[in-house]
């Protein structure tokens, strides 16, 4: 009997040791979610309830990341194929859209919103004490849907933050400018949507730098926020973003709107079930169901006293109603005008070269401007001057290329 009791006591102590070890390890993982040593183990160990995870540090990132990435890319390609016909005939407009008025000033005596520190490496939510939430939209600008989101948000007097893909920003600069002109915040979502943790630091730097530049070229906005594709980040990505002056913004509520089995009803329910002051809500501005969800959520949460602000306002990085800093950007000429100018300038260069053909009789006219530096430079100057006369609002140096060299 004594031996039996000793065995039971030993087994109980051993079980207690295992439980204590498990919860200790779990506590360690909770404090090292973003790029820590065991971050890849986190998704296996922490199978917690979604709402509890949101209240703790943000959305659960369970599941196999490779599978999520592949599924996401497959859904994105299908959506792109379905929208291609509409995109071909879509117009983006050119006039500036009136700005969104500031929504609800702070009450007298309210404490200032605490700003993030260097320790706040990855932000998923940011309580303000004001019932503020941030709507965020990824992967735009979309040639068909982004305009619809602009019109809806303006009609509701709600602000939002758009995390833009660099390729899309470069392809649709007018939409980027419309977003900025309307008072929405524009931010970085990489150039081509790779998983930044899986590419080299050099490639990741290129992805982020090119995107910030494309946005600045389109609307002059100073980009300070980044949402890494899939929310995937580690210590190397975090160090790079720090060097580039970008702050990583993930989310506390994921609507999973990119999945085929989600609906506007399920998305709305997910938001209303989990929303609280400081929530950052993730959607994509390329789905009809996301458009419907946005309209429903704004109306329902407004009735509960919530207001919709940009992420920078939520974080206290800019005053409520303060616009995103922008520099002046010269208005680009219409594509048709540039094409006409280029064709006419090329014709003028050929006429000029024909007049000088005798100077280099052994060369055909097409190769004339690449043969002699002096003649080439004069030809380029002549073409640039002509183009400048056609488009007087565009400086001639914007249409020139460096003088060809002798080969």
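Scanning the range 291-322 for residues that are assigned to a helix (DSSP H, G or I) and in contact with a helix residue (DSSP H, G or I) (Cβ under 7 Å, 6 or more places away or on another chain), we see that the one that is surrounded by the fewest Cβ atoms within 10 Å (Cβ to Cβ) is 300. Screening the candidates 98, 173, 143, 127 for the property of being at pLDDT below 95 and in the same structural domain as residue 249 (by TED's automatic domain parsing) yields one hit, 98.
Between 169, 180, 187, 158, the distinction of being in contact (Cβ under 8 Å) with a residue 40 or more places away in the chain and part of a loop (DSSP other than H, G, I, E, B) belongs to 158 only.
Every condition in (1) over 14 Å from the mean Cα position of the chain (by Cα); (2) more than 21 Å from residue 142 (Cα to Cα) is met by residue 290 except one, and the failing one is (2).
The rows are residues; the columns are (1) in the same structural domain as residue 171 (by TED's automatic domain parsing); (2) farther than 18 Å from residue 185 by Cβ; (3) surrounded by 17 or more Cβ atoms within 10 Å (Cβ to Cβ).
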position: 227; (1), (2), (3): yes, no, yes
position: 236; (1), (2), (3): yes, yes, no
position: 247; (1), (2), (3): yes, no, yes
position: 260; (1), (2), (3): yes, yes, no
position: 264; (1), (2), (3): yes, yes, yes
position: 272; (1), (2), (3): yes, yes, no
position: 278; (1), (2), (3): yes, no, yes
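Let me confirm something: among 119, 115, which residue is assigned by TED's automatic domain parsing to the domain that holds residue 225, without any contact (Cβ under 8 Å) to a residue 40 or more places away in the chain, surrounded by fewer than 18 Cβ atoms within 10 Å (Cβ to Cβ) and not in a strand (DSSP E or B)? The match here is 119. Of the residues making up the range 214-244, those that are in a helix (DSSP H, G or I), in contact with a helix residue (DSSP H, G or I) (Cβ under 8 Å, 6 or more places away or on another chain) and closer than 14 Å to residue 164 by Cβ are 214, 215, 217, 218, 219, 229.
The values are calculated or read from the model by the stated rules, or taken from the named source; none is laboratory data. What you are looking at is a predicted structure, and each value in this text was computed from that prediction instead of being measured. Positions of Cβ are generated from backbone atoms using ideal geometry, with glycine treated the same way; all protein chains shown enter the neighbour counts.
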